[in-house]
Amino acid sequence: MTPSAIPRPTRELMGPRQFWLLMATLMLAMFVSAMNQQVVSTAMPRILSDLGGFELLSWVFTIYLLTSTVVTPITGKLSDTYGRKPFMIGGIAIFMIGSIASGLAPSMLVLISARAIQGIGGGMIMASVFSTLGDLFSPAERGKYMGLFTGTFAMASVSGPTIGGLLTDHVGWRWCFLVNVPVAILAITMISIHLPSRKRTGPAPRIDFLGAILLSVATTALLLALSWAQKAFGWSAPETLGLFAASALFVGLFIAQEGRHPEAVMPLHLFKIREFWVANMLVVALGAGGFGAIQYLPTFVQTSLGASATASGLVTTPQSLGMLLTSVIGGQIVARRGKYRTQTIIGLIVTLGATAALTQLHVGQPTWQIAGIMMVVGFGSGLVMPTMSLVIQNAVSPQFMGVATSSRQFFMQIGNVLGAAIFGVVLATSYESAFEAKVPAEARAALPPATYEQFLDPTLSLNQRVFTRVQAEVRALPDGEAILGIATKAQREAVATAVARIFIGGAILVGLALAFAFALRDVPLRRTRAPQPVAQHGAAGPLPGPQVASGGQ
């Protein structure tokens, strides 16, 4: 590729006012999309009381994760071909439509369908925002701003539960969705005005729609298998095994399709680039071991420590605050040094140490200690996550910026679901064995089998309606109050044992991420958008001469 064929960073075509208005708009769009899950979690009890459908509760969250994950790599590829602007605006518009439909939903089934639409829009937004950052700056300069967006994500996690609670309590849960509408309209307007358009020259490429379909089916089957194995069917059930087999089959078909198509959705040659595949495997390991394990910390806080849901939220909030701080500072350091390997290793060592500290959780532990550990987890992950985006973007040619950037988000979400599913099994099996060991034989014999089975659910005390009924059943037994005390104490201790084992697994996976960090080469961040030499990184052929214009699409 000749220097004249390399597209200039979009930042060079913008004035300061246009640039900062665009940055603020991108952060606003990302904030609303990232805050969505936390807001809905807070409003869920009120939603259930209005719409019913408790048995469908998990689908409100699962469907959003499913559709947002599936659409991410497809958006990355298409935006590489047609520019970021239509997909950024389209993603916000789809998210707004899903928000309106969610806010007006008359039933749980309609809400779930609307959440699927929201997920498509949310996935398009997240993929487009980070790809747009890749267009705006050279990799070295990008580090100054990447931390701002990771910090925006962290702020959404911190403020989401509070915003959701205020809206639910004062204006109704439907406004948790409808509040997105004016923000979306503002974002669409500002992006239409301030985001320059990229117009292609030459014939339009032939899009690999078959590859997109195969990847979507493979991803859907995998995510459903991981979700249903834990909550519905079990790991050895025919439904679960069938979904895993279907996922493997369609992955094979997808790889075959990508190997022959000139405009592959996820070009296989990118996996020949060491930094690309090592960084993505690091993200999978950290997503599973760090973020996947932490999903079970609220269970420990509410069950073993007997704290409220609000208290469990306050315990995990410092993680986001720590990530906010170090992502901004770390981005500035990387931008100045032009290197990333040392910072990544330091961040993962910090994360590993904090995760190892969580293996010592026990009944009676002060919540402030857990909150402090969670802040340290945030410190470490804030040094790593935005850096991985820079590593991946630095490794590929500009024409693959979107697909490479979206791959990090794709693999991160796969890692999160994989970790949650695996550690769900660890929670169930470890809890059951620990509970049985802590309940004396005479107490087990005194409990009716059906009642004893209820205690084998580690989340029993979190379902107040069922737990109240079980307590009444036990108290009705001879010496029932003493038996109830033994069973509830055993439950608290067994949950603590199980969650501590989850973090042992989490520490192992974070250690694997650290091993991947040592495997990274410290390739200097480019000061221009010129791609690395083909011989070194295996980058593909010439860039099809895009042009950048400041007008509409």
Quiz item: Under the Karplus relation 6.51 cos²θ - 1.76 cosθ + 1.60, θ = phi - 60°, what is the ordered set of whole-Hz ³J(HN,Hα) values for segment 258-274, x standing for Gly and Pro?
Solution: 5, x, 10, 8, x, 10, 4, 5, 10, x, 5, 5, 5, 6, 7, 7, 4
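Which value results when the Cα radius of gyration for segment 138-184 is divided by 2.2 N^0.38 Å?
Working: Rg = 15.1 Å, N = 47, 2.2 N^0.38 = 9.5 Å.
Here the Cα radius of gyration is 1.59 times the empirical estimate.
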Quiz prompt | Kirkwood-type radius of segment 463-513, with distances r between different C-alpha atoms, in Å | solution = 13.1
Practice problem: Taking the Cα centre of the chain as origin, work out the dipole magnitude from +1 charges on Lys and Arg Cβ and -1 charges on Asp and Glu Cβ, in debye rounded to 20. | Solution: 2060
Quiz prompt | Other-chain or far-sequence residues with amide H under 5 Å of Ser197's (modelled H) | solution = Ala549, Ser550, Gly551
Practice problem: Could you let me know the centre-to-centre spacing of segment 225-288 and segment 426-453, using Cα atoms, in angstrom? | Solution: 37
Self-check item: Lys pairs under 21 Å by Cα in the chain, provided they are eight or more residues apart or on distinct chains
Solution: 6
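Using Cβ counts within 10 Å as a stand-in for footprinting exposure, how do His269, His194, His170 rank, fewest first? Could you put the intermediate results ahead of the total?
Working: His269 17, His194 20, His170 8.
Ascending Cβ contact count within 10 Å gives the list His170, His269, His194.
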Exercise. For helix 209-231, report the angle its Cα long axis makes with the longest principal axis of the Cα atoms of the chain; keep it between 0 and 90° and round to the nearest 10°.
Key: 20
Practice problem: Rounded to the nearest 10 degrees, what's the angle between the helix 464-475 long axis and the longest principal axis of the chain, both from Cα atoms, 0 to 90? | Solution: 20
Self-check item: C-alpha center-to-center spacing [segment 297-351, segment 126-200] in angstrom
Solution: 20
Practice problem: Could you give me the radius of gyration and the Dmax of segment 230-298, taking only the C-alpha atoms into account and expressing both in angstrom? | Solution: 16.4, 47
Self-check item: Label-to-label distance, nm, for residues given as Lys272 and Leu186 (7 Å Cα→Cβ offset)
Solution: 4.8
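Hey, what did segment 432-493 get for relative contact order, percent, Cα under 8 Å, at least 6 apart? Mind showing how you got there, number by number?
Numbers: 34 pairs, mean separation 26.8, N = 62.
About 43 percent, as a whole number.
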Quiz item: Which angle between 0 and 90 degrees, to the nearest 10, do you get for helix 341-357 versus the longest principal axis of the chain when only C-alpha atoms count?
Solution: 10
Quiz prompt | Backbone N within segment 481-524 under 11 Å of label point (7 Å from Glu473 Cα along the Cβ vector) | solution = none
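Readers should treat all values here as calculations from the given coordinates under stated rules, not as data from a laboratory. Owing to the predicted nature of the structure, the values given are computational and were not obtained by experimental measurement. All Cβ positions, glycine included, derive from the backbone under ideal geometry; neighbour counts span all protein chains shown.
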